[in-house]
Amino acid sequence: MPPTLFQNKPQETAVENNLRRKFFRWFRILFGAGLMIFAGYLFWQRQTRVISRVGYINAELITIYAPITGTLHLERINVGSVLPKGFLIGSITNERNPQIAIDVENLNSRLRLTQNQLKSVNERLNARQRLADFLTKKTQSQISLDIDFFRANVERARSELKQAQANLELARKEAQRFTRLAEEGAVSQQRADQALAEMKAASALVASRQAEVDRSLSALTAIQQGLQLDSARTFSFPQIRLLDLQQEITDLIQEKRQLEVSVLTLEQELRKAQLQLNLQRSAKLESPVRAVVWSVNIRTGELGVPVNTGTAILQLLDCHEVWATALVSERANRKLRLGQPAEVRLLDGSNRIYRGWVRSIRGGVGRITAGADVAVPPDEFVRNELEVQVTLDDHGEALAGGRFCSVGQSVEVIFP
């Protein structure tokens with residue numbers, strides 16, 4: 001090789017080393033500045049945002065209890081099965097309810113007895129009503145005959161009055177004639193006085209007959225109104241019996257009303273007792289909402305198992321009521337408020353983010369008993385933490401029922 005090439009090689013190596021040192025020096029400077037900027041960014045993020053220390057998806061649990069005592073038969077249901085609303089979970093049967101059955105039989109007996117009594121009262125009332133109608137007709141016939149009788153008395157009294165008036169007119173003329181003859185001396189004064197006396201007697205008879213007419217008219221008016229003037233009112237047998245029947249009919253009507261009320265009351269009690277008996281004999285267990293089977297506490301098999309009232313049978317997960325539970329430091333309490341927007345990021349590697357808003361903030365987690373009706377209650381040993389519940393706007397595929405609505409999955413909740 002030429003000597004000039006060997007003389008230039010040390011100079012090129014020194015330049016390369018110098019450039020390499022400058023590069024690494026600037027790299028270290030820029031890397032340190034980047035680290036400082038990144039640390040500052042993280043510090044700024046921590047100061048302006050609240051990030052949960054622990055977070056997980058939570059949901060409401062619906063516990064299905066046994067409504068009656070009896071033998072439980074469950075359908076073949078597996079944990080994780082998605083049940084539509086109204087799905088028949090199982091049934092409970094109990095054919096032995098002696099007390100309620102006895103009550104139903106007693107009510108049936110009382111109802112039949114009361115219905116028979118009401119039937120008897122109706123028959124007696126109809127019979128009394130028919131007899132009352134018959135006696136009413138007889139009484140009306142008797143009143144009509146009495147009116148005819150007193151009207152005949154009035155006519156007779158008027159006829160006698162006319163006869164007395166005619167006799168009075170004749171006696172007056174005789175008295176005038178004999179008075180004139182006595183004044184002429186043709187007859188004695190005694191005979192004239194006798195004629196005058198006969199006129200006065202005829203006048204008195206006219207007054208008597210007029211009084212008889214007036215009394216007969218008054219008696220006729222009274223009998224037309226159901227009264228009697230000449231003596232105390234004397235009732236005939238039909239009238240007396242009709243008065244007694246009217247009192248009996250009034251009493252029977254009152255008894256009928258009481259029995260009708262008793263029948264209605266017994267029918268209502270019987271319907272309630274029969275309904276209660278049917279409910280105690282058989283009860284269906286249905287899913288109240290579309291839900292996921294969270295746990296099955298009892299396995300029945302083909303023969304079923306006996307259960308008591310209030311026994312927890314299984315738990316369902318309501319996928320329509322899913323939220324994110326975030327535990328944050330109590331120092332961040334002043335930075336949180338109800339209705340505040342939040343971001344929920346799934347920690348399953350997908351980095352899927354859901355939007356939501358704060359619906360509740362509970363302090364003292366771990367010191368109080370809470371969360372018994374949720375799938376994942378807070379830890380009892382948590383201290384100085386806030387439990388923040390975030391309602392999710394969109395559940396998405398990650399919260400589908402076949403995956404237990406992702407309940408219990410870890411998330412990170414960010415409150416900007």
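Of the trypsin sites (Lys or Arg not before Pro) in region 48-137, which ones lie in a loop per DSSP and count no more than 16 other C-beta atoms within 10 Å? Mind showing how you got there, number by number?
Details: sites: Arg49, Arg53, Arg76, Lys85, Arg96, Arg110, Arg112, Lys119, Arg124, Arg128, Arg130, Lys137; in loops: Arg49, Arg53, Arg76, Lys85, Arg96.
Qualifying residues, ordered by number: Arg49, Arg53, Arg76, Lys85, Arg96.
Which trypsin sites (Lys or Arg not before Pro) in region 254-342 pass both tests, a DSSP loop state and at most 13 other beta-carbon atoms within 10 Å?
Details: sites: Lys256, Arg257, Arg271, Lys272, Arg281, Lys284, Arg290, Arg299, Arg331, Arg334, Lys335, Arg337; in loops: Arg290, Arg299, Arg337.
Here the trypsin sites (Lys or Arg not before Pro) that fit, given the DSSP loop and packing criteria, are Arg299, Arg337.
Which value in nm describes the separation of the simple spin-label points at Lys200 and Glu255, placed 7 Å from the Cα toward the beta carbon?
Computed distance between label sites Lys200 and Glu255 equals 7.2 nm.
By the scheme Lys and Arg +1, Asp and Glu -1, what is the net charge of all other residues having a beta-carbon under 14 Å from that of Arg290? Walk me through the intermediate numbers first.
On the way: positive: Lys85; negative: Glu60, Glu286, Asp318, Glu321.
Counting the neighbours of Arg290, the net charge comes to -3.
Once you have the Cα-Cα distance between Glu155 and Val376, take 0.36 nm times their residue separation minus that, and quote the gain in nm to one decimal.
68.3 nm
Using the Cα centre of region 22-169 as origin and beta-carbon charges of +1 (Lys, Arg) and -1 (Asp, Glu), tell me which of Phe87, Ala132, Leu35 is placed farthest towards the positive end of the dipole.
Projecting each Cα onto the dipole axis, the largest value belongs to Leu35.
Heavy atoms of the protein only, probe of 1.4 Å, neighbouring chains included. What is the accessible area of Ile240 in Å², nearest 10?
80 Å²
Could you work out what % of the accessible surface of region 70-132 is carbon and sulfur, using a 1.4 angstrom probe and leaving DNA, RNA and ligands out of the count?
Working: 1960 of 4030 Å².
For region 70-132, the apolar C and S fraction of the accessible surface comes to 49 percent.
Skip the ligands, DNA and RNA, and give the accessible area per residue of region 100-253 with a 1.4 Å probe, whole Å². Present the calculation step by step, with values, prior to reporting the outcome.
Details: 10160 Å² over 154 residues.
About 66 Å² of surface per residue is accessible.
Could you estimate the translational diffusion coefficient of region 126-269 from the Stokes-Einstein equation, with Rh from the Kirkwood formula over C-alpha pairs, at 37 °C and 0.692 mPa s, in whole µm²/s? It would help to have the intermediate numbers written out before the result.
Values: Rh = 20.5 Å.
In µm²/s, the coefficient is 160.
What net charge do the residues around Ser52 carry, taking every other residue with its C-beta under 11 Å from that of Ser52, with Lys and Arg at +1 and Asp and Glu at -1?
Values: positive: Arg49, Arg53, Arg345; negative: Glu343, Glu385, Glu387, Glu412.
Value of the local net charge: -1.
Could you size up the charge dipole of region 65-210 around its Cα centre, putting +1 on the beta carbon of Lys and Arg and -1 on that of Asp and Glu, and report it in debye to the nearest 20?
Dipole about the Cα centre, nearest 20: 200 debye.
Give the residue list of GluC sites (Glu not before Pro) in region 93-200 that are DSSP loop and have at most 11 other beta-carbon atoms within 10 angstrom.
Working: sites: Glu95, Glu105, Glu123, Glu155, Glu160, Glu169, Glu174, Glu183, Glu184, Glu198; in loops: Glu95.
Filter output for region 93-200: Glu95.
The values are calculated or read from the model by the stated rules, or taken from the named source; none is laboratory data. Fair warning: this is a prediction, and the values are worked out from it, not measured in the lab. When we count neighbours, we look across all protein chains shown, and the Cβ atoms used for this are built from the backbone with ideal geometry, even at glycine. Areas reflect the complete protein model, heavy atoms only, side chains present, ligands, DNA and RNA absent. Shrake-Rupley method; radii C 1.70, N 1.55, O 1.52, S 1.80 Å.
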